[in-house]
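> Have a look at this one.
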Amino acid sequence: MPTTRPLSPHLGIYRWRINMLQSTLHRLTGMYLCLGALLVTWALIAAATSEAAWSVFAGFWNGRGGEILLFLWMWSLWFHLCNGIQHLVRDAGRGYGPPLRDRAYSPSYWPMGWLIIAVSLALTVLVWVLLALRIAGGGA
């Protein structure tokens, strides 16, 4: 018996919210961190093998493409850490009492979601500024 009902009617009524973005980013950054772990393994093997192997590895990271990948990897690390801490706080039940479940206002975790993204970006930029100062000969 054929039906004319859509398979997923709930998809049309959801509004994209920050907690959905956080969930998606948490999964994507987790995968990106796994990729980064493989690249760190490549670096260690190249350093232990030979100068030629290290040159191949260093050549991969030379230029803007490598810097962008490293920046994204650093941001992934900070975002995943900050979001994981937020998950631990939420798992403890903070911010989920009966008055906070009222649908008449934005839940407390919406502004916190934007704060997590902002803090992770700020920490990433801070690390890169400190690295740039260190490379330039400053005392960071």
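Nothing in this text is a laboratory measurement; each read-out follows from the coordinates by a stated rule. The model shown is predicted, which means the values in this text are computed figures rather than measured ones. Positions of Cβ are backbone-derived with ideal geometry, glycine not excepted, and every protein chain shown enters the neighbour counts.
> Given the peptides 74-81, 62-69, 35-42, 120-127, arrange them by the average over their residues of other C-beta atoms within 10 Å, most packed first.
74-81, 120-127, 35-42, 62-69
> Still on this structure: Going by average Cβ neighbours within 10 Å, how do the peptides 51-57, 113-119 rank, with the highest at the top?
113-119, 51-57
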